[in-house]
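Here is the structure we will look at.
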Amino acid sequence: MIPKEFSLEGKAAIVAGAGRSWLKTMASYLAEAGADIVLSSQDQKQMEEAAQEVKKWGRRTMAIPTDVTNCQQIEEMVATVISQWGKVDILVNSMDLQFAKPLLEVVEDEWHQVIATNLTAVFLCTKAVGRHMIESKRGKIVTISSVLAERGLPNSTAYCASKGGVGQFTKALALEWARQNIQVNAIGVGWASDEAHGEEAEPTDPLARYIPLRRLCRADDIGALLVYLASDASSYVTGQTYFVSGGVMAHG
Amino acid sequence: MLEKLALDGKVAVVTGGGGGLGTAISLALAQAGADIVVTDFRPEDGESTAAEVATLGRKAVFIAADVTQSQEVNSMMARAISQWGTVDILVNCAGVIRWGTRKPIWEITDQEWHRGIDTNVTGAFFCSRAVAKHMVGRKRGRIINIASGWGMRGMRDSFMYCTAKAGVITLTMSLALTLVRDGIRVNAIAPGLFRTWEPKERYDARAAFIPTGRVGDPREIGALVVYLASDASDYVTGEVFPIDGGTLASGSAPIGYAPLIPI
């Protein structure tokens with residue numbers, strides 16, 4: 001039996017950004033658990049696919065094209081959701097800009113772009129939604145992060161800094177909103193495949209060999225955890241990054 | 001997709017199953033469909049949990065064992081396997097904490113040290129060792145260790161507890177890497193403060209020191225255990241999932257300290 005605590009029946013969720021092309025799978029899991037879903041990214045194709053999935057589960061869905069680095073567009077998106085559905089219970093920050101270059105070759109604009117998408121957008125979306133969550137004295141914020149929030153990687157200074165920032169943002173805000181019954185958490189994804197049910201990694205690939213589970217992480221691997229962190233079952237969990245890394249985080 | 005969370009037909013062994021968290025964990029696993037072997041060194045508490053599980057319509061049995069005694073652990077596990085044919089899930093929940101043992105370190109006896117270390121970490125090793133061969137043979141299995149947030153931070157006068165729980169965390173990681181190719185996943189949950197065996201007033205007094213302002217209810221740990229016991233966590237191994245009302249996120253300043261500094 002699926003434990004009833006995982007239910008998101010009657011909840012309204014915004015999934016902001018469309019990093020890693022996992023939008024469809026994440027929206028589908030949330031809708032299966034019972035949530036209505038607002039899709040909010042600039043990727044029209046991904047939003048259409050995700051909307052189809054949500055409808056399959058018989059849930060309401062709304063696609064609002066949004067540049068999640070643009071404060072005004074985010075405020076308008078949230079205002080639209082509030083005026084049409086009256087509330088937001090869950091925010092999933094799923095923006096993710098991947099970027100790798102030796103530090104000396106990183107130009108200022110690239111640095112700003114990575115920080116803007118991976119960190120500032122989390123701040124902007126969370127602030128816009130959080131205002132309503134504080135009014136209603138409840139809320140769930142889940143940000144899709146990375147093992148690179150906690151581990152280093154050459155040529156990935158900007159990306160690591162942005163995800164490390166997400167980890168600290170999560171801890172600090174969790175404390176700030178702890179007494180308002182809003183839980184703020186993140187999922188630290190391991191080396192990921194863009195496919196929802198991705199192919200097995202080549203066994204000769206040195207990266208895949210490094211991963212104890214010998215395959216890349218798929219969207220499907222985080223679905224149930226996303227539902228858990230979005231549900232009332234996790235109301236004593238806050239300020240955490242739960243890693244889904246195929247064992248990478250366990251070894252030296 | 002969420003059907004992967006179901007545990008129908010699975011058998012789980014829960015150590016410390018007579019305690020506050022152990023009871024809640026046993027009931028949560030049973031509600032998700034698992035049959036439960038409750039083990040504890042306290043027969044009355046263990047029997048009572050098994051009886052509660054049975055009211056949910058799942059099979060339940062109590063087998064007495066002291067997790068610090070490897071022979072007792074081995075025979076408990078052998079009995080569980082022979083009786084029900086399999087053990088799919090092991091939850092190492094047996095533990096002991098002594099709050100506020102305010103005495104100088106030089107007065108802590110060998111026996112006190114060993115009791116803390118043996119129950120909290122050696123017990124988890126003994127139980128994992130007792131079931132590992134069976135799980136490896138079936139190429140599947142889930143081990144969930146109940147660690148503690150205090151395995152990652154220090155606590156005054158709690159040498160045995162903190163040291164042992166830190167051991168549980170690295171035991172989790174090492175065991176996960178050791179058994180990963182055999183289809184076994186090993187993870188830990190690090191609870192913060194939960195209402196268990198102490199008087200209510202003592203928990204009430206501590207609530208203000210937890211960011212969420214409340215002490216956890218043991219039932220709140222259930223969903224997380226079910227998730228880690230299920231196929232939904234197939235890509236998760238060697239991880240530690242704290243559930244602590246924000247305690248580990250805090251620790252830089254007193255709870256409620258929130259300075260304002262304009263640019």
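The values are calculated or read from the model by the stated rules, or taken from the named source; none is laboratory data. Being a predicted model, the structure only gives us computed values, none of them experimental. When we count neighbours, we look across all protein chains shown, and the Cβ atoms used for this are built from the backbone with ideal geometry, even at glycine. Calculation scope for accessible area: heavy atoms of the full protein, side chains included, ligands and nucleic acids excluded. Shrake-Rupley method; radii C 1.70, N 1.55, O 1.52, S 1.80 Å.
Before moving on, here are some points about what is shown:
- Some residue of the stretch B:25-43 being touching a helix residue (DSSP H, G or I) at 6+ places or on another chain (Cβ under 8 Å) and basic (Lys, Arg): no
- Residue that is nearest to A:Ala12 (Cα to Cα), among those in the stretch A:42-73 that are of a type in the set (A, V, I, L, M) and not in a loop (DSSP other than H, G, I, E, B): A:Met62
- Scanning the stretch A:204-233 for residues that are more than 10 Å from chain B (Cβ to nearest Cβ) and either surrounded by fewer than 21 Cβ atoms within 10 Å (Cβ to Cβ) or over 23 Å from B:Pro242 (Cα atoms) (or both) gives A:Thr204, A:Asp205, A:Pro206, A:Leu207, A:Ala208, A:Arg209, A:Tyr210.
- Test: residue in the stretch A:94-112 that is closer than 24 Å to A:Ile187 by Cα, of a type outside the set (Phe, Trp, Tyr) and either assigned to a helix (DSSP H, G or I) or within 14 Å of chain B (Cβ to nearest Cβ) (or both): yes
- Check on A:Val92, closer than 29 Å to A:Ala158 by Cβ, surrounded by 14 or more Cβ atoms within 10 Å (Cβ to Cβ) and at pLDDT 95 or above: yes
- Options B:Gly20, B:Gly46, B:Gly95; residue that is within 13 Å of the chain's Cα centre (by Cα) and either basic (Lys, Arg) or crowded, with 23+ Cβ neighbours inside 10 Å (or both): B:Gly95
- Residue in the stretch A:16-25 that is of a type in the set (Gly, Ala, Ser) and either assigned to a strand (DSSP E or B) or over 16 Å from the mean Cα position of the chain (by Cα) (or both) present: yes
- Residue that is nearest to B:Gln31 (Cα to Cα) [pool: residues in the stretch B:216-238 that are open to solvent by 10 Å² or more (accessible area, probe 1.4 Å) and within 10 Å of chain A (Cβ to nearest Cβ)]: B:Arg219
- Filtering the stretch A:213-252 to residues that are of a type outside the set (Gly, Ala, Ser) and closer than 17 Å to A:Leu148 by Cα leaves A:Leu216, A:Cys217, A:Arg218, A:Ile222, A:Gln240, A:Thr241, A:Tyr242, A:Phe243, A:Val244, A:Val248, A:Met249, A:His251.
- Meets criteria (open to solvent by less than 50 Å² (accessible area, probe 1.4 Å) and polar (S, T, N, Q)) for A:Ser136: no
- Search result, residues across the stretch A:16-31 that are within 14 Å of chain B (Cβ to nearest Cβ) and either of a type in the set (S, T, N, Q) or under 20 Å from A:Gln84 (Cα atoms) (or both): A:Thr25, A:Ala27, A:Ser28, A:Leu30, A:Ala31
- Of the criteria (1) surrounded by 15 or more Cβ atoms within 10 Å (Cβ to Cβ); (2) touching a residue at least 40 places away in the same chain (Cβ under 8 Å); (3) small (Gly, Ala, Ser), which one B:Ala208 fails: (1)
- In the stretch B:198-214, the residues that are at the interface with chain A (Cβ under 9 Å from one of its Cβ atoms) and either assigned to a strand (DSSP E or B) or in contact with a strand residue (DSSP E or B) (Cβ under 9 Å, 6 or more places away or on another chain) (or both): B:Ile210, B:Thr212
- Within the stretch B:104-138, being at pLDDT 95 or above, within 17 Å of B:Tyr161 (Cβ to Cβ) and open to solvent by 70 Å² or more (accessible area, probe 1.4 Å) holds for one residue alone: B:Phe125.
- Scanning the stretch A:140-168 for residues that are open to solvent by 20 Å² or more (accessible area, probe 1.4 Å), touching a helix residue (DSSP H, G or I) at 6+ places or on another chain (Cβ under 6 Å) and within 14 Å of chain B (Cβ to nearest Cβ) yields a count of 1.
- Candidates A:Val54, A:Val106: the one that is more than 30 Å from A:Ala158 (Cα to Cα) and modelled with pLDDT of 95 or more is A:Val54.
- Filtering the stretch A:128-143 for residues that are under 16 Å from the mean Cα position of the chain (by Cα), more than 20 Å from A:Asp36 (Cβ to Cβ) and assigned to a strand (DSSP E or B) leaves a non-empty set.
- Criterion violated by B:Arg195 - all others in (1) more than 10 Å from every other protein chain (Cβ to nearest Cβ); (2) free of Cβ contacts under 8 Å to residues at least 40 places away in the same chain; (3) touching a helix residue (DSSP H, G or I) at 6+ places or on another chain (Cβ under 8 Å); (4) of a type in the set (Lys, Arg) satisfied: (2)
- Failed item in (1) more than 7 Å from chain A (Cβ to nearest Cβ); (2) at pLDDT 95 or above; (3) out of contact with any strand residue (DSSP E or B) (no Cβ under 6 Å at 6 or more places or on another chain), with B:Ser252 passing the rest: (2)
- Listed conditions (1) open to solvent by less than 10 Å² (accessible area, probe 1.4 Å); (2) within 30 Å of A:Asn181 (Cβ to Cβ); (3) more than 12 Å from chain A (Cβ to nearest Cβ) are all met by B:Ala164, apart from (2).
- Within the stretch B:170-183, the set of residues being touching a Ser or Thr at 6+ places or on another chain (Cβ under 9 Å) and more than 8 Å from every other protein chain (Cβ to nearest Cβ) comprises B:Leu171, B:Leu175, B:Leu179.
- Screening A:Gly34 against (1) within 14 Å of chain B (Cβ to nearest Cβ); (2) farther than 23 Å from A:Gln183 by Cα; (3) outside any helix (DSSP H, G or I) leaves a single unmet condition, (2).
- Any pair with Cβ under 6 angstrom, 6 or more apart, that starts in the stretch B:1-14 at a residue that is away from chain A (no Cβ under 12 Å) and ends at one that is assigned to a strand (DSSP E or B): B:Val11/B:Asp35; B:Ala12/B:Ile36; B:Ala12/B:Ile89; B:Val13/B:Val37; B:Val13/B:Leu90; B:Val14/B:Val38; B:Val14/B:Val91
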